[in-house]
Amino acid sequence: MQLAYSSAERAFLAEVRAFLAPWRGLGQYLQGRDHAGLRAFYKALGVKNWLSLGWPVDHGGRGLPPIYEFLLWDEMAHARIARPPLSAGIVAKTIIRYGTDAQKARWLEPIRTGELMFSLGYSEPEAGSDLASLRTRAELGPEGYRINGTKIWSSSAQDSDYLWLLCRTGEVASRAAGLSLLIVDLRAPGLRIRPMAKMSGNVFCELFFDDVIVPVDQRIGPQDGAWKMMNASLADERHVQFPPKRVLADYETVRDWAMAHGLDRDPVVRERLAELAVDVLECQAHALRVLTAQGDDVRASIAAAANKRASTDTIQAIARAAMDFGIPAALTTAAPIEQLWRQTLEESLGGGTTEIMTSIIARQGLGLKA
């Protein structure tokens with residue numbers, strides 16, 4: 001596993017850090033997210049042509065290897081600016097691989113420049129982890145696809161332009177073989193968006209579709225062919241799913257807070273912080289293993305699951321430690337520690353539950369029976 005960056009990678013990293021400095025703390029990881037600021041930030045990335053670092057050159061990208069995307073999103077996580085935008089990752093890379101020439105011409109350029117933001121429409125009230133059982137239906141008719149159903153846990157849907165919708169075009173019994181991907185205008189008639197507050201202070205949305213019409217040319221790839229496309233896009237994005245410096249940023253927040261309150265004079269606190277520092281290094285190693293496994297789907301899937309599991313466990317342990325240090329300053333709602341605690345609780349659910357990650361490691365990595 002390559003642990004040292006090349007001279008070109010180090011130069012890019014220095015450029016990234018200098019560029020991000022004015023944007024530090026814009027923040028999606030703690031409450032108080034500034035959506036207008038995020039749009040401005042993504043447009044600034046578009047000017048640098050950094051939203052398309054890994055895209056092929058003939059599609060407007062830089063054609064760079066995955067390490068460059070990793071370095072950018074890792075530094076963004078450390079600076080608490082934003083997560084990788086769905087539009088430039090899963091959406092754009094699926095369109096590049098499976099879209100028609102007309103779709104590429106329509107969608108890629110505004111995504112590359114940071115003009116368009118997408119939200120994800122996968123999970124449903126009765127189909128969270130088991131997406132193959134989803135029931136939101138798209139019926140093909142003269143006007144296009146007519147969509148009815150409900151989606152839930154869609155982050156940023158209230159602020160985004162379009163929805164990347166996974167819906168059923170085949171029979172329910174067909175499960176994964178009957179799913180399609182559509183691009184839905186979030187201002188379309190018949191679509192109602194209901195924001196719901198999370199305990200972290202941010203929101204996610206429930207979406208209700210009542211005869212929403214989507215043109216046929218906004219279906220990406222073949223009808224009933226979404227499952228294969230989703231798996232391919234997921235493989236493209238594993239290296240940026242949980243940046244290790246997100247974990248480091250949480251650790252630094254707790255360490256600096258403990259030192260500011262004199263808690264580091266307690267040897268028990270120092271030992272706990274030292275143990276957590278080792279866990280942070282373990283997360284960095286997991287992330288690099290994901291990066292080096294790119295191109296080997298099975299190995300990358302196992303590495304990504306291990307990375308998600310280790311990172312989730314570590315950020316929750318970091319927040320738990322701060323609460324365990326047991327001073328009133330950790331419990332006030334204005335304190336970064338209390339905010340951090342609420343934020344980390346949801347991480348064992350989003351992006352694949354801890355139980356699912358453990359199952360992937362057990363079945364694919366260790367060869368254990370289901």
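Okay, here's what the table says:
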item: Residue-by-residue Karplus 3J(HN,Hα) for the stretch 136-142, coefficients 6.51, -1.76, 1.60, Hz, glycine and proline x; result: 4, 10, 10, 9, 7, x, x
item: Pairwise centroid distance, computed over Cα atoms, of the stretch 207-270 with the stretch 304-362, Å; result: 13
item: Along each principal axis, Cα extent of the chain, largest first, Å; result: 72, 47, 44
item: Note, ³J(HN,Hα) from phi for the stretch 257-262, Karplus 6.51, -1.76, 1.60, rounded to Hz, x at Gly and Pro; result: 5, 4, 5, 5, 9, x
item: Residue among 247, 290, 298 with the largest mean-square fluctuation in a Gaussian network model of the chain, springs linking Cα atoms under 10 Å; result: 298
item: Under 18 Å from the Cα of residue 228 - lysines, other chains or at least 8 residues apart; result: 93
item: Histogram of C-alpha separations across the stretch 44-178, 5 Å bin width, %; result: 2, 9, 16, 19, 18, 15, 11, 7, 2, 0
item: Within the chain, helix-based [θ] at 222 nm, where runs of 4 or more DSSP H residues each add -39,500 (n - 2.57), nearest 500; result: -14000 deg cm²/dmol
item: Partner aspartates and glutamates for residue 151 [C-alpha distance under 17 Å; skip if fewer than 8 residues away on the same chain]; result: 124, 126, 130, 139, 159, 161, 185, 206, 210, 211
item: Spherically averaged projected area of the stretch 88-247 from its Cα convex hull (nm²); result: 9.9
item: 19 Å Cα-Cα reach of residue 245 towards lysines, excluding residues that sit fewer than 8 places from it in its own chain; result: 308
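Laboratory data are not the source of any read-out in this text; all were calculated from the coordinates shown. A quick note: this is a predicted structure, and the numbers were derived from the prediction, not measured.
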